[in-house]
1. If I model a spin label as a point 7 Å beyond the Cα along the Cα-Cβ vector, how far apart are those points for residue 193 and residue 104 in nm?
2. I'd like the distance separating the alpha-carbon centroids of segment 101-155 and segment 295-338, in whole Å.
3. Quote the FRET efficiency, to the nearest 0.05, computed for residue 285 versus residue 434 with a Förster distance R0 of 56 Å and r equal to the Cβ-Cβ distance.
4. Full-extension gain between residue 133 and residue 314, please, as 0.36 nm times their residue separation minus the C-alpha to C-alpha distance.
5. Any aspartates and glutamates with Cα under 18 Å of the residue 205 Cα? List them, leaving off those in the same chain fewer than 8 positions away.
6. Hey, could you get me the Stokes-Einstein D for segment 278-410, Kirkwood radius over alpha-carbon pairs, 25 °C and 0.890 mPa s, rounded to whole µm² s⁻¹?
7. If neighbour count is taken as other Cβ atoms inside 10 Å, put 292, 415, 345 in order from fewest to most.
8. Using a/c under 1.5 as the rounded threshold, could you call segment 219-322 rounded, prolate or oblate? The axes a ≥ b ≥ c are square roots of the C-alpha gyration tensor eigenvalues, and prolate needs a/b larger than b/c, oblate otherwise.
Amino acid sequence: MFGGHYITAFTLAEKQSALPGLGNRLLEDQMKTKSLSLLGFCVVVWCPVVFAQSETAPGNFRGRTAITWAKPRGLKGAKPPAAAPVQTTIHANDSEARSLKISTNSYPPDVYSPLKSLPLWTFDVKASRDGHHHLGTMVGHDPFKNPGTDNIPTYIVPVIFRTHTVATAWDPTTGVFTTEPGETTTDPTKPDNSCMAGPNNIALKVTEQSPVFVPAHFVFGGTDVGTTQYLDAFQRANFWQVLSKNMGSNEYHVLLNPVETVEPIFLDVPANEGLAIRDPNFFLASLGFTFCAPLLIIDINWYDSYLNGTAIPKLGQAGVDASTFPIFQNYNAAFSSPVTNLFFCCAIGYHSFTGYPITTQTYAVVDFDSTGFFGGPPTGLQTLVLSHEVGEWVNDPHLVNNTVSWGNAGQVSGCSESLEVGDPLTGLALPPVVMPNGYGYVLQELAFFSWFSGAPAVGANGWFSNNGTFKTDAGRVCP
């Protein structure tokens, strides 16, 4: 117990001490201020039937990064995402197709100066897909010249939402909800015997025991990348051919360690910044599906303003800094803006940063979904969003990594120049990973570095994604 609440802390090998000084300061925050403009973040959205890249951000959603939105299942005009297309790779010339032209540098973590930082490495790759140079930064050691092991202190921050508005009806023509007053709470720290099944019926506990944080044995294709955390396994597979050639496969690891769960944040959401859909048959007549209620919809601008202005500074006072990685986890709560129109829903996770031009904190926001509102496995999306966001954070922590333009894959039907390893494969998962608790975890397949820059492949099996959906690179420059 800590400050009247619990704090769970664990490393890959042993328990660690509690995060000091946090106490109850994050509890019972009342957010009554209007939303602020966001500096930038990358959002994951999910839909098993349609993905659409908006040309402009809908509603009041603001950010530097292009925002991708999806329709919940069952909306008219939805169609299943196309299977991964057969790609035709266009190389600058034949010699570039035979060897990867890349220069890299390593920057160890700065944990002693006031401007602390993550361990980082930079790359400058001459991409075979367009013949141009593309630069970026990733978390960890340089796998090309200096493979090594990094341990990133990670904090799971549970978020409890209480809303004061309930949707009573909606207009399928405009998407607008009719509402009335009413309180609804979703809490990742409490048992849920309606949408989950015991003994694995506490979203936070299930998350803590997931292969994102707890080692499991991963074999991608015929390549055994070892017993480790999922995103470390992915990153090892991402550069497997380079690591194997340079005898660095045993040394290279990017680990979330130690992992600590801090006291939950309780957020009393203003009536105009969130609503609840509490009727499991709410969309049965109009869209033909039911789901496990309730589902909350929270204004993403309001929430991220709270994180930047209140939660992250308070975590900073307790020792969470730029050399660490906080993950804010909510339960059955999606994001939109405005919250009163279904057509602007839903984002279910994102990763971002504070501070400009010097980053003061990277962080992620993830929903543990067990509603079935977005389709997916019978257990809901559960840890799929977590694996998506952590994978993208490792490969593009500051949202600056530029790559050859790609598109028409995963959740992007337009064009993107961002190295976001989850977006091209949103909606595609690995076979469930069953952990010692008996729970089958859903983890998203992710795209390799070579898929963005072009052949030759440096990933495991000569693949361009870790479950083999991409056997070639992203192909012709988009559009």
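1. In this crude spin-label approximation the distance works out to 5.2 nm.
2. A separation of 26 Å, based on Cα centres.
3. Details: r = 38 Å, r/R0 = 0.67.
Step by step, r from the Cβ atoms, then E = 0.90.
4. 61.2 nm
5. The qualifying aspartates and glutamates are 14, 187, 192, 260, 263, 367, 369.
6. 149
7. On the way: 292 17, 415 14, 345 28.
If I rank by nearby Cβ atoms, fewest first, I get 415, 292, 345.
8. Working: a/c = 3.54, a/b = 1.57, b/c = 2.26.
Judged from the Cα gyration tensor, segment 219-322 comes out oblate (a/c at least 1.5, b/c at or above a/b).
Each value in this text was obtained by applying a stated rule to the coordinates, not by laboratory testing. None of these values were measured; they are calculated from a predicted model. Using ideal geometry, Cβ is built from the backbone for each residue, glycine included, and neighbour counts are taken over all protein chains shown.
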